[in-house]
Number of protein chains: 2
Amino acid sequence: MTTTSSKQRSGTAEQILDLAEMLIQTRGYSAFSYQDISDALGITKASIHYHFASKTDLGIAVVDRYVERFEAAFVAIAEDQSQPSMAMLDFYIEPYFGYAKTPDHVCLCGALAGEILALPPELRARVDRFFRAHQTWLTGILKRGAARGEFTLVAPASKVARLIFGALQGALLVKRTTGDAAQLRDVVTVLKLELSAGS
Amino acid sequence: MTTTSSKQRSGTAEQILDLAEMLIQTRGYSAFSYQDISDALGITKASIHYHFASKTDLGIAVVDRYVERFEAAFVAIAEDQSQPSMAMLDFYIEPYFGYAKTPDHVCLCGALAGEILALPPELRARVDRFFRAHQTWLTGILKRGAARGEFTLVAPASKVARLIFGALQGALLVKRTTGDAAQLRDVVTVLKLELSAGS
DNA sequence: TGACATTTATCTACTAGTAGGTCAGTTTTT
DNA sequence: AAAAACTGACCTACTAGTAGATAAATGTCA
């Protein structure tokens, strides 16, 4: 865990972050409380406030840590430029399948986006940046794939990127409600078929 | 507690429903309160409880009314069977563009899905039914379009339907956060291009 | 090494405010 | 008069957040 800007934190603080992340992904930001964490970890609310002065601070720390993990994945993907673009895309999509395997997780920023107007501005800005960064990254991969003759794009890469990203977010959302494990799988299948329709 | 079809309701009850619907679509179910409605309409919380005994009852009424509107649209689309399938699809997508025009609305059931685990079971079941019904309807339209030679499907209709539905939900979610009006438009453009790629 | 000071992490007990919800009584409408 | 709509006062539970005490490490220095 020696990521660039990841802070050194105590074990308790990490436990709080882990739990808060899970609670936001499953129940949402408005619907979880310090008491929930207090009960689950067997520490007092005051103790949580010691580590994270306000709920906003906790939310920010959760999102920043989450974003750092994705950024690390972007770097890891870029490291091996000999890979086909489809393999890079698969690597990117992996975490979505990870969430889809659980009965109740969606993307953290997808969950936050569902109640964006109820969030403190610091969180809003971070979700915004997350969405833009992912769509920008996807655009890059699509351009690479098109340039290498691996992908066939029916529209500009940036527009296709928007479709892919939105479809992944939406698929997780629908999957959790309907409980149908095939929701994400089917969507990814169709997306990949359409990318390689010309070859 | 008769949850059959559209019931006779007083003007105040309709105002409460309108506002609750807007608040859920913008802020989320957990993040809105009877006090919010009380303040906005200038009536007391007790008065809201007179019309809707519990928050759950209010949520159910909001969703049922919303679902009825969509069902009416399905019926309206089916009425003119001479239309091309793409026109039917456009008619279906129209409400999504309506929400995208506002700065802060997403699909009601999309908003509820974001915090599905925090919802009373009656609401969960309704969101589930909504998602399944829409994907089933989309599947039907896609099959019709394919049979009439209007659509080219790269995968079974049911899978393409999942992509389209998820992409629409996701696009609204992302659009609200980034504020980029082109998000939904771009996604719909690409989807339509892919449906008519063969013709 | 021993003494003192500081930091870290936790607790109990509390605040002010808000949540959903109840009920007896009053006003308005038919 | 009867039914429907509404109010004000109230309740209990919970919210985020604060104050002050405590005990154990850790750091500093004579």
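Things to note:
- Residue list for the range A:142-199, filter: facing chain B (nearest Cβ under 9 Å) and of a type in the set (Ser, Thr, Tyr): A:SER158, A:THR177, A:THR178, A:THR189
- Scan of the range A:35-46 for residues that are over 14 Å from A:LEU17 (Cβ atoms), within 11 Å of DNA strand C (Cβ to nearest atom) and part of a helix (DSSP H, G or I), ordered by number: A:GLN35, A:SER38, A:LYS45, A:ALA46
- Checked against the criterion of being farther than 30 Å from A:PRO121 by Cβ, at pLDDT 95 or above and within 14 Å of the chain's Cα centre (by Cα), the candidates B:ARG129, B:ARG148 yield just one match: B:ARG129.
- The residue that is nearest to the other protein chains (Cβ to nearest Cβ), among those in the range A:40-70 that are away from DNA strand D (no atom under 11 Å from the Cβ) and of a type in the set (Gly, Ala, Ser), is A:ALA40.
- The one condition in (1) outside any loop (DSSP other than H, G, I, E, B); (2) among the hydrophobic types (A, V, I, L, M, F, W, C); (3) in contact with a Leu (Cβ under 9 Å, 6 or more places away or on another chain); (4) within 14 Å of chain A (Cβ to nearest Cβ) that B:PHE97 fails to fulfil: (4)
- Residue among A:ILE141, A:ILE164 that is at pLDDT 95 or above and either on the phi > 0 side of the Ramachandran plot or touching a Ser or Thr at 6+ places or on another chain (Cβ under 8 Å) (or both): A:ILE141
- Residue match in the range B:13-20 (condition: in contact with a His (Cβ under 7 Å, 6 or more places away or on another chain), within 16 Å of DNA strand D (Cβ to nearest atom) and farther than 29 Å from B:ILE141 by Cβ): yes
- Flag for A:ILE24 being more than 15 Å from the chain's Cα centre (by Cα) and more than 14 Å from DNA strand C (Cβ to nearest atom): no
- Counted residues, the range A:37-48 - those being exposed (fewer than 15 other Cβ atoms within 10 Å of the Cβ) and touching a helix residue (DSSP H, G or I) at 6+ places or on another chain (Cβ under 7 Å): 3
The values are calculated or read from the model by the stated rules, or taken from the named source; none is laboratory data. Remember, it's a predicted structure, so these values are computed and weren't measured experimentally. Cβ sites come from the backbone with ideal geometry, for glycine too, and all protein chains shown count toward neighbours.
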